[in-house]
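The values are calculated or read from the model by the stated rules, or taken from the named source; none is laboratory data. What you see is a predicted model; the values in this text were computed from it and never measured. As a convention, Cβ positions derive from the backbone with ideal geometry for all residues, glycine included, and neighbour counts pool all protein chains shown. Heavy atoms of the whole protein, side chains included, go into the accessibility calculation; ligands, DNA and RNA do not. Shrake-Rupley method; radii C 1.70, N 1.55, O 1.52, S 1.80 Å.
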Amino acid sequence: MANIHWKRIVVKVGSALIAPHKQGCSSHYLLGIAQFIANCRAKGVQVVLVSSGSVAAGWHRLGDLKQPTVSQKKAMAAAGQADMMATWDKLFDFPSAQLLVTHGDLRDRERYISIKNTLFSLLDHGLLPIVNENDAVTTDTLRVGDNDNLSAMVAAAADADALIICSDVNGLYTKNPQLHDDAKLIKQVNEINDAIYAMAGGATSEVGTGGMRTKIEAAEKAIAHGIETVIINGFDPDAFNRLLKGQNPGTLFTPFDQPMQEHVHWMTHTSQAQGEVIVENNFDAALDDQETQLTSDDVVAVKGNFSVGDTILVRKGDGTKLAKAQANYSSCLLNFIAKQPDRTFAHDVEQQTGPILSDENIAILE
């Protein structure tokens, strides 16, 4: 890492830093982060803040609940969101703006573009976007689930140069440093593989939803978009000073030399498959080639319920994932024509309706 060279960064801050004791927000650990953000802006670096903490901040508002229900956690999020924003606002002498999203927003292409445009507009006008998952209203089918992965999706949407993930440890270790004295910090990761994931343990904070694994997942998404990713100790103010000097205080994940195209990255890492189309194990057509598009003759089975425009997964019967793509057929129609014994009828439908997959929105996974 050279002296700070980024033009736009995303900083992700977890619940343990914002509301460490579930008794409302505390600025104790946030002062260093806020100063880092202010210093970056002073150097002309645009910053987007992804901030967890709404549930932890609002926990005490509903009494001393040991095992709150889902609806109670949503109420905590609603109560804590204002406290979290007020805490950040007190630490900045520049304006900020709140942006609440769900995975349902991010996986819908039109809404995803809307989020991008909102982020760019806020940054262009000098505001600090503060992004969080809308935990008060989201459901299991519409949620990202952790703000590590959300921060990577936001970094991709913002076309950021770097993603800085604040953790409660110095970075990625060979094993859990809180359990093993011989754990060693890995300063740089050039490739994320099974061995890297094997080093990740569970969450070490009782107020967070993610652990080291979700941070690696986030790094994998970000580097595929060409975004340099650093995991640092958010409790250590010196870590931010070192970042400003261009030093690596944690674990640096180096980005792809040739990042994925924007729409391919969105399809691969942000859009969620609503169903599956299963083909024969010997299927070998190039799905991104207009001359060899998938037809109903190739379809063995259709799983899930999806509509025209939804993202679907194409895989072989043995489980091999081939591609994610936008569906031009609903699951109901595709099931119907694939089961027709008279292939002439199926071919007539396809001739009128067009290919099963959109060749403009497809990501090859092999």
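Here are a few things to note about the model shown:
- Pairwise FRET efficiency - Thr254 versus Thr174, Cβ, R0 = 22 Å, nearest 0.05: 0.75
- The spacing between region 178-196 and region 104-168, judged by their C-alpha centroids, is 27 Å.
- Rounded to the nearest 10 degrees, the inclination of helix 109-124 to the longest alpha-carbon principal axis of the chain is 30 degrees.
- Extension reserve of the Ala286-Ile4 stretch, reckoned as 0.36 nm per residue once the Cα distance is removed: 97.3 nm
- Largest first, the residues Arg242, Arg8 sort by 1.4 Å accessible area into Arg242, Arg8.
- Largest-first ordering by accessible area, 1.4 Å probe, given options Tyr173, Tyr329: Tyr173, Tyr329
- Fraction of the pair-distance distribution of the chain above 33 Å, Cα-Cα pairs, percent: 35 percent
- Rounded if a/c under 1.5, otherwise prolate or oblate - region 144-260, Cα gyration tensor axes: rounded
- Entries of Lys187/Lys215; Lys221/Lys321; Lys7/Lys324; Lys316/Lys339; Lys184/Lys215 with Cα pairs more than 22 Å apart: Lys7/Lys324
- Highest to lowest packing among 262-268, 94-100, scored as the average C-beta count within 10 Å: 262-268, 94-100
- For region 31-96, the tally of Lys pairs with Cα-Cα distances below 26 Å comes to 4, considering only residues 8 or more apart or on different chains.
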